[in-house]
1. In this structure, does residue 190 turn out to be without any contact (Cβ under 8 Å) to a residue 60 or more places away in the chain and assigned to a strand (DSSP E or B)?
2. Between 154, 197, which is closer than 20 Å to residue 91 by Cβ, open to solvent by 50 Å² or more (accessible area, probe 1.4 Å) and within 13 Å of the chain's Cα centre (by Cα)?
3. Restricting to the range 102-131, name every residue that is of a type in the set (D, E, K, R) and within 17 Å of residue 72 (Cα to Cα).
4. Could you list, in sequence order, all residues of the range 87-124 that are in contact (Cβ under 8 Å) with a residue 40 or more places away in the chain, in a helix (DSSP H, G or I) and either crowded, with 16+ Cβ neighbours inside 10 Å or of a type in the set (Val, Ile, Thr) (or both)?
5. Could you tell me which of the residues 20, 48 is among the charged types (D, E, K, R), open to solvent by 70 Å² or more (accessible area, probe 1.4 Å), at pLDDT below 85 and in a loop (DSSP other than H, G, I, E, B)?
Amino acid sequence: DSSKNDYENIFKEFKKINQRGPDSTKKITRNNYTSMFHRLSIIDLNKRSDQPMFSSCKRYIMTFNGEIYNFIELRRSLKNKGVKFKTKSDSEVIINGFKKEGEKFVNKLRGMFAFSIWDNKKKKLYVFRDRLGQKPLYYFKDKNKIIVASEIKYITLIVDKLNINYKTVHEFIVNANLDGNNETFFKKVLKVPAAYYF
């Protein structure tokens, strides 16, 4: 279905699913990367903190779900290193911390989070999930694309058909949970494990 590959049509459907954040909905496309985000405004209610969010140099694009409890201290430390901020959000702390220190910056984060950062220069995607896996994060990958989402229903906007993973369904019926397993009820749709990044 050609409409499944039309990101404008996908975005129209995406906007209808807004229970994860009704305050703003935004889409950014750069090269072969598209990011869509529903925002629930909690810290820095200004529109400048909407996501997807660019780093100050415009090289990195981030979508972030969660809350960083030590972001004020991290912000102060980054400012002391010369980083300039336009917002008061924890989101901007993450993206500019990543810009300054790379993947190791995530080790300084205290909180619950799931986020992805696209490096528009290297054409590389980084995906992170918090230590306890408090924020959900799923991904689908085939030879043409990778989709990262906070809910499986967002993946279904792009993938024409998801096949049932009967092995996982059986495991759930027998054990009443899927603990320790990053598989889901759908083939090729996996959970990003807690305390993990790729």
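1. Against the criterion (without any contact (Cβ under 8 Å) to a residue 60 or more places away in the chain and assigned to a strand (DSSP E or B)), residue 190 qualifies.
2. Values: 154 fails: open to solvent by 50 Å² or more (accessible area, probe 1.4 Å).
Among 154, 197, only 197 is closer than 20 Å to residue 91 by Cβ, open to solvent by 50 Å² or more (accessible area, probe 1.4 Å) and within 13 Å of the chain's Cα centre (by Cα).
3. Passing the criteria: 108, 110.
4. Of the residues in the range 87-124, the ones in contact (Cβ under 8 Å) with a residue 40 or more places away in the chain are 87-92, 95-96, 98-99, 103, 106, 109-121, 123.
Narrowing the set further to residues that are in a helix (DSSP H, G or I) leaves 90-92, 95-96, 98-99, 103, 106.
Hits for the range 87-124 are 90, 91, 92, 95, 96, 98, 99, 106.
5. Testing whether each residue is among the charged types (D, E, K, R), open to solvent by 70 Å² or more (accessible area, probe 1.4 Å), at pLDDT below 85 and in a loop (DSSP other than H, G, I, E, B) leaves just 20.
The values are calculated or read from the model by the stated rules, or taken from the named source; none is laboratory data. Source: prediction; values computed, not measured. Glycine gets a Cβ as well: all are built from the backbone with ideal geometry, and neighbour counts include every protein chain shown. Keep in mind that these areas ignore ligands, DNA and RNA; they rest on the heavy atoms of the full protein, side chains included. Shrake-Rupley method; radii C 1.70, N 1.55, O 1.52, S 1.80 Å.
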